[in-house]
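Asks: One structure is given below, represented as structure tokens, and several questions about it will come after.
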Amino acid sequence: METLNISALSQPFDIVIDNIASDKSISHRCAMFSLLSNKPSTIKNYLRGEDTMDSLKIAQKLGATVEDNGDIITITPPSKLTEPDDILDCGNAGTGMRLYAGLLAGIEGSFVLTGDKYLRSRPMKRVTNPLRDIGAKIDGREDGNKAPLHIRGGKLKSFKYHSPIDSAQVKSALILAGIQSDEISYYKEDLLSRDHTERMLNGMGANISTNSNGWIEINPIKEPLKPLNLTVPTDPSSAFFFAVAAAIVPNAKVTLKNVTLNPTRIEAYKVLQQMGVDVEFIEVENIYEPIGDIIVKNNKLQGVTVDKNIAWLIDELPCLSIAMSIADGKSVVKNAQELRVKESDRISAVVNNLKLCGVSYKEFEDGYEINGNATLHKATINSCGDHRIAMSFAIAGLLCGMEIEDTQCIETSFPNFTEILNSLRV
Ligand code: S3P
């Protein structure tokens with residue numbers, strides 16, 4: 001088991017970071033969506049984390065050829081996706097499993113999706129149920145709720161589905177199924193979840209739009225889509241660890257380069273602004289999504305209530321809780337029950353580890369209240385095998401030192417995290 005020892009910073013930093021991990025959500029989609037074309041897709045800055053490399057390996061098992069020159073990854077799809085002769089391993093990635101489930105449900109063949117022990121314990125009914133309702137043949141443990149999932153793909157019906165959860169993974173799985181049926185399908189969510197799937201597929205020539213009643217209209221694709229040709233921007237969720245580092249270290253400043261400024265992804269930065277931190281967004285270009293730099297400067301932090309737009313900051317809440325701990329006054333997180341079914345139960349992982357650092361809190365089924373004004377103590381943190389818990393408490397360690405156990409999980413999304421963390425000291 002790998003352990004990360006962090007010592008407290010002795011001086012502030014003012015740093016420009018241009019090598020933060022590329023966007024995980026977009027990279028997964030590049031691997032999968034390239035299979036919907038009949039020409040090679042070229043992807044620059046593909047995230048070389050374990051999760052997204054697993055998605056790429058699955059594309060290969062389905063017949064794609066992948067050429068990697070170290071800078072650009074070229075994915076050439078097969079003329080027809082092939083039934084693999086082995087299981088498809090999504091590793092730790094919920095995005096990998098749920099999106100591939102939607103894609104494969106519409107393809108002739110037998111497919112088994114599995115993953116590591118954490119992914120095998122996460123709920124899959126949110127995708128397997130609506131997919132079964134439109135004719136997909138899917139089985140798995142607990143009546144299709146837990147992987148391994150066995151999918152026998154084939155013809156799918158069109159649908160009208162109002163999702164009970166605001167989840168980009170569920171939406172994307174249903175969109176991938178919908179574009180393969182013969183008739184137009186409709187999908188609705190109460191809060192727009194991250195919309196990379198719609199933006200990327202439309203960029204490839206699909207026709208997915210939202211009507212005046214808030215239903216997403218998913219038109220079937222009649223012929224192969226255009227290939228992708230894109231540079232994956234920096235992941236705002238990975239960059240956020242260093243935004244919080246700048247927010248909590250007295251007199252610190254960070255410039256985060258080439259980040260996707262997609263409005264569904266930068267809500268946590270807006271919460272930092274609400275807490276009193278100086279945050280500036282500078283849009284530089286717009287290719288599928290707005291992309292630019294984010295500058296974050298330390299300031300005195302105030303407590304905050306986060307109970308809205310939860311899907312827009314779900315991945316950042318663990319790290320936001322570190323800022324909440326030292327803020328002046330109480331902070332509250334509510335309506336965030338989804339945190340319980342992420343890579344770990346992030347509500348209990350956050351509060352149990354904060355307690356070890358000397359923070360007082362109240363835990364709710366759907367969130368927590370953090371008392372604030374804490375002086376954090378060095379502790380031994382259990383990452384629970386969850387990359388975002390490991391990295392959030394590593395950032396807290398910049399104030400007080402920290403020992404983080406079980407940090408191999410950082411490789412799933414942000415392989416050079418420790419290197420960048422160390423660069424804050426020079
Ligand atoms: C993701 C969607 C989110 C997010 C995850 C990536 C995606 O999950 O937490 O890290 O790429 O679609 P949900 O859709 O389950 O909220």
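Asks: Out of everything in the stretch 25-53 that is β-branched (Val, Ile, Thr) and under 14 Å from residue 229 (Cα atoms), what residue ends up being nearest to the ligand (Cβ to nearest atom)?
Replies: 26
Asks: Quick one: which strands (runs of 3 or more DSSP E) sit completely within the stretch 197-298 and have at least 2 residues that are touching a residue at least 24 places away in the same chain (Cβ under 8 Å)?
Replies: 216-218, 229-231, 253-260, 278-287, 289-297
Asks: Inside the stretch 184-202, can you point out the residues that are touching a Lys or Arg at 6+ places or on another chain (Cβ under 8 Å) and either away from the ligand (no atom under 16 Å from the Cβ) or polar (S, T, N, Q) (or both)?
Replies: Those that are touching a Lys or Arg at 6+ places or on another chain (Cβ under 8 Å) and either away from the ligand (no atom under 16 Å from the Cβ) or polar (S, T, N, Q) (or both): 185, 186, 193, 197.
Asks: Now for a separate question. Do the conditions hold for residue 163, that is, is it in contact with an Asp or Glu (Cβ under 6 Å, 6 or more places away or on another chain) and open to solvent by less than 10 Å² (accessible area, probe 1.4 Å)?
Replies: yes
Asks: Still on this structure, I have one more. Can you list the strands (runs of 3 or more DSSP E) found entirely within the stretch 128-182 that contain at least 2 residues being more than 22 Å from residue 210 (Cβ to Cβ), at pLDDT 95 or above and within 16 Å of the ligand (Cβ to nearest atom)?
Replies: Working: elements: 137-140, 146-153, 160-162.
Answer list for the stretch 128-182: 146-153.
Asks: Count, please, the residues in the stretch 260-276 that happen to be open to solvent by 10 Å² or more (accessible area, probe 1.4 Å) and either of a type outside the set (A, V, I, L, M) or closer than 13 Å to residue 246 by Cβ (or both).
Replies: Adding up the residues that qualify gives 6.
Asks: If you don't mind, there's one more thing I want to ask. In contact with a Ser or Thr (Cβ under 9 Å, 6 or more places away or on another chain) and either surrounded by fewer than 21 Cβ atoms within 10 Å (Cβ to Cβ) or closer than 28 Å to residue 166 by Cα (or both): which single residue out of 311, 239 fits that description?
Replies: 311
Asks: Here's something else I'd like to know. Can you tell me which residues in the stretch 1-24 are open to solvent by 10 Å² or more (accessible area, probe 1.4 Å), closer than 22 Å to residue 408 by Cβ and not aliphatic (A, V, I, L, M)?
Replies: Across the stretch 1-24, the qualifying residues are 2, 3, 5, 7, 19, 22, 24.
Asks: Name the residue that is nearest to the ligand (Cβ to nearest atom), counting only residues in the stretch 73-111 that are out of contact with any Leu (no Cβ under 7 Å at 6 or more places or on another chain) and in a helix (DSSP H, G or I).
Replies: 95
The values are calculated or read from the model by the stated rules, or taken from the named source; none is laboratory data. Bear in mind the structure is a predicted one, so any value in this text is a computation, not a measurement. So basically every Cβ, Gly included, is an ideal-geometry build from the backbone, and we count neighbours across all protein chains shown. Please note that ligands, DNA and RNA were not included when accessible areas were found on the heavy atoms of the full protein model with its side chains. Shrake-Rupley method; radii C 1.70, N 1.55, O 1.52, S 1.80 Å.
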